[in-house]
1. Which of (1) more than 13 Å from the chain's Cα centre (by Cα); (2) open to solvent by less than 10 Å² (accessible area, probe 1.4 Å) does A:PRO68 not meet, given it meets every other one?
2. Is it true that B:ALA50 is at pLDDT 90 or above and loosely packed, with under 14 Cβ neighbours inside 10 Å?
3. Please work out which one of (1) at the interface with another protein chain (Cβ under 7 Å from one of its Cβ atoms); (2) out of contact with any Gly (no Cβ under 8 Å at 6 or more places or on another chain) is the condition B:SER46 fails and give its number.
4. Got a number for residues in region B:41-68 being aliphatic (A, V, I, L, M) and within 11 Å of the chain's Cα centre (by Cα)?
5. Consider A:ALA22 carefully, then state whether it is in a helix (DSSP H, G or I) and at pLDDT 95 or above.
6. If you check A:VAL137, A:VAL90, A:VAL121, which single one turns out to be closer than 27 Å to B:ASP69 by Cα, more than 16 Å from the chain's Cα centre (by Cα) and within 9 Å of another protein chain (Cβ to nearest Cβ)?
7. Look through A:ALA98, A:ALA108 and report the one residue that is within 12 Å of chain B (Cβ to nearest Cβ), part of a strand (DSSP E or B) and not charged (D, E, K, R).
Amino acid sequence: MSLDLDTTVKLAIYTTIAETAAAPTAVAVAQRIGAAPQQVEAAFTRLYEKRLLVPEPGDPSRIRMAPPFSGVPTAFPVEARGKRYYANCVWDALGIPAALHEDAVIPAADAFTGERLTLEVKAGRAVPQECVIHFAVPAARWWEDIIYT
Amino acid sequence: MLLFRSEETVDHWCQAHRVPRRPLITLGQLWQLAVIWYANRLTAESRRPAADEMASVFAAVGLEGPFWDPKADTWRSAI
């Protein structure tokens, strides 16, 4: 099966992150798939329009978010496959073990008190934990400022 | 979205940030959303659910109303 450029770029991004726990640059993706960096940057923009990617503000050659993964360290680290990934939010923190199909430990904290609040995914399920999740932004507005959301 | 130990600490956070309290969901609901959203994210076929699909997904895990409607423009008055 022949894949279009956007799909090839998307797979290269996610494969790289899954393998290394780090988001690749447009240059690194271009090297991996044998394309020009400018073509890959253009694909980044199209993937953003499909809400599958968020380039770094001010630098379209870098990735801030490839949901559920974050391209930068956040308050939501996820330990899986012997690596430390970073998620964009608590939803995405669970999304990483869901995407990897792996067990994971998420050493999070209560957003107000800072109390340690570790979540765990084991054997395809979230281990019950005393906690609640608060959504401050309604679904219709999530992508108005997705980095804040 | 943020994680809290209890509804009490949610209220403290909302007061501290001067924002209204919005819906809360359980860890079980969030895990269901994570699986639906991301289980195939590393495949060629993966895509973000469309708005109509999102509404169905939210309803399937018990999240209904204008806050969870990706196309709603009335959530401010309805919450």
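The values are calculated or read from the model by the stated rules, or taken from the named source; none is laboratory data. Computed from a predicted structure; not experimentally measured. Heads up, the Cβs are rebuilt from the backbone with ideal geometry, glycines too, and the neighbour counts pull from every protein chain shown. For accessibility, only protein heavy atoms count, side chains too; no ligands or nucleic acids. Shrake-Rupley method; radii C 1.70, N 1.55, O 1.52, S 1.80 Å.
1. Failed condition: (1).
2. Against the criterion (at pLDDT 90 or above and loosely packed, with under 14 Cβ neighbours inside 10 Å), B:ALA50 does not qualify.
3. (1)
4. At the first step, the residues of region B:41-68 found to be aliphatic (A, V, I, L, M) are B:42, B:44, B:50-51, B:54-55, B:57, B:59-61, B:63.
Remaining after also requiring within 11 Å of the chain's Cα centre (by Cα): B:54-55, B:57, B:59, B:61, B:63.
Total satisfying the criteria: 6.
5. Here the answer is no, as A:ALA22 does not meet what is asked.
6. Only one candidate passes the filter, namely A:VAL137.
7. Of A:ALA98, A:ALA108, the one residue that is within 12 Å of chain B (Cβ to nearest Cβ), part of a strand (DSSP E or B) and not charged (D, E, K, R) is A:ALA108.
Conditions (1) assigned to a strand (DSSP E or B); (2) open to solvent by less than 50 Å² (accessible area, probe 1.4 Å), marked per residue:
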site	(1), (2)
A:LEU3	no, no
A:VAL9	no, yes
A:TYR14	no, yes
A:VAL40	no, yes
A:ALA43	no, yes
A:LEU47	no, yes
A:PRO55	yes, yes
A:SER61	yes, yes
